[in-house]
1. Based on what the data block shows, is residue 19 closer than 23 Å to residue 169 by Cα, out of contact with any strand residue (DSSP E or B) (no Cβ under 6 Å at 6 or more places or on another chain) and part of a helix (DSSP H, G or I)?
2. I'm trying to understand the selection: among the residues of the range 32-72, which are over 21 Å from residue 154 (Cα atoms), surrounded by fewer than 13 Cβ atoms within 10 Å (Cβ to Cβ) and over 18 Å from the mean Cα position of the chain (by Cα)?
3. Could you tell me whether residue 172 is surrounded by 14 or more Cβ atoms within 10 Å (Cβ to Cβ) and touching a residue at least 60 places away in the same chain (Cβ under 8 Å)?
4. Sort through 75, 91, 118, 156 and tell me the only one that's crowded, with 18+ Cβ neighbours inside 10 Å and farther than 27 Å from residue 4 by Cβ.
5. Would you mind stating whether residue 157 is assigned to a helix (DSSP H, G or I) and either in contact with a strand residue (DSSP E or B) (Cβ under 7 Å, 6 or more places away or on another chain) or on the phi > 0 side of the Ramachandran plot (or both)?
6. Let me spell it out: the conditions are (1) in contact with a helix residue (DSSP H, G or I) (Cβ under 7 Å, 6 or more places away or on another chain); (2) in a loop (DSSP other than H, G, I, E, B); (3) surrounded by fewer than 18 Cβ atoms within 10 Å (Cβ to Cβ), and residue 12 meets all of them except one. Which number is the exception?
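What follows is calculated from the coordinates using simple rules that are stated; it is not laboratory data. These figures come from a predicted structure and were not determined experimentally. Heads up, the Cβs are rebuilt from the backbone with ideal geometry, glycines too, and the neighbour counts pull from every protein chain shown.
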């Protein structure tokens with residue numbers, strides 16, 4: 001079985017992750033590639049009753065990571081390119097932000113296990129992006145409006161990504177077009 005090319009993108013909510021992957025996906029499909037996608041799972045977690053955002057727990061983080069990895073493994077069976085909107089390290093960043101912003105005690109054993117898994121996952125990815133939080137760009141519809149928590153989440157995700165020991169491509173509102181062209185050229 002041929003392993004698909006994996007492109008992962010992490011960052012705080014409403015920083016352009018999903019829309020960037022939409023723009024990456026279209027030309028890949030147009031080129032005849034089979035494209036799979038693992039989408040942001042936080043809303044699904046909330047619908048099941050898991051706490052998210054400021055209320056993130058080790059259990060909600062574990063569920064998001066496990067479900068994302070399950071979906072990724074399944075999609076990898078039939079795709080050439082796999083687009084991952086919020087890799088496991090992203091969920092862990094939200095957990096860290098929730099712990100630091102609420103003053104709760106972290107589950108250090110659980111966090112350590114999930115950090116190992118999240119770092120392993122990043123090493124499986126061929127291209128990894130980290131979005132930049134630009135507070136001047138308006139939030140998407142239905143998004144959490146707590147700007148302090150959003151900034152803390154961006155900081156926590158960035159810190160985790162920067163200590164993962166892998167190459168990370170920054171994605172900003174100003175380099176988006178260049179990165180779309182780079183991805184297209186790289187995958188040709």
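1. On the way: closer than 23 Å to residue 169 by Cα: yes; out of contact with any strand residue (DSSP E or B) (no Cβ under 6 Å at 6 or more places or on another chain): yes; part of a helix (DSSP H, G or I): yes.
For residue 19, the condition - closer than 23 Å to residue 169 by Cα, out of contact with any strand residue (DSSP E or B) (no Cβ under 6 Å at 6 or more places or on another chain) and part of a helix (DSSP H, G or I) - is met.
2. Result: 32, 47, 48, 49.
3. Working: surrounded by 14 or more Cβ atoms within 10 Å (Cβ to Cβ): yes; touching a residue at least 60 places away in the same chain (Cβ under 8 Å): no.
Considered against the rule, which asks whether it is surrounded by 14 or more Cβ atoms within 10 Å (Cβ to Cβ) and touching a residue at least 60 places away in the same chain (Cβ under 8 Å), residue 172 comes out as no.
4. Numbers: 75 fails: farther than 27 Å from residue 4 by Cβ; 91 fails: farther than 27 Å from residue 4 by Cβ; 118 fails: farther than 27 Å from residue 4 by Cβ.
When all the criteria are applied, what remains is 156.
5. yes
6. (3)
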